[in-house]
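Quick notes on the structure that follows.
None of the figures in this text is laboratory data; all of them are computed from the coordinates on show. As the structure is a computational prediction, the values presented were derived from the model and not from experiment. FYI the Cβ positions are ideal-geometry reconstructions off the backbone, even for glycines, and counts take in every protein chain you see.
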Amino acid sequence: MIFMTVLNAFKRSLGIFAREKPSVALFVDGPNMIRKEFNLDLHDLRKRVEKHGRIVIGKVFLNQFASEKLIEAVANEGLESIIALGDAEQKTDVDVTVCVHAMEAIGNPEIDIIALATRDADFLALIQKAKEKGKLVVLIGAKPGLAVSLQHAADYVELVG
């Protein structure tokens, strides 16, 4: 039993080296990052993440108030828009939706790196869980308001804006 566990871990580690580049799952907290004051360029964001590996999952999480132009811009970068619905009186929070999709990627042995674009300290537990499961974590953030806890928990930090 122990031998099989060690053997499987060894095979997974060989898989990383057998691929040309590490596999990256990118998750963008749209309401937190895609704001006029940050002037986030999705093309630049994608290029920054591609320095770390090949993006095999790329999702931008938006709320139901996202414009068609923004959804089109996301698609033009080869990324998938995920729309989180919620109460119109409350600003829709995409955090839970991001975490559900990210946890799926964390559990995927084919994913080597989790890239998370956010400033929100609520994602600290997600980063910690990703690292616990052996994933490298790239944090893409913007100042002001980038949580110090996220910066300290991530393996790499990329600042945009």
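For the reader, a short list of remarks on this structure follows.
- In plain terms, the chain from Ala125 to Asn108 could stretch by 4.3 nm, reckoned as 0.36 nm per residue minus the Cα-Cα distance.
- As a ratio to 2.2 N^0.38 Å, the alpha-carbon radius of gyration for segment 21-159 is 0.97.
- Stretching Glu77 away from Gln64 to a fully extended chain increases their span by 2.7 nm, per 0.36 nm per residue minus the current alpha-carbon distance.
- Segment Lys51..Glu132, full-extension length gain: 26.9 nm, with 0.36 nm per residue of separation and the alpha-carbon distance subtracted.
- Here the spin labels are modelled as points 7 Å beyond Cα on the Cα-Cβ line, and at Val157 and Arg35 they lie 1.8 nm apart.
- Relative contact order %, segment 35-161, counting alpha carbon pairs below 8 Å whose residues are six or more apart: 21 percent
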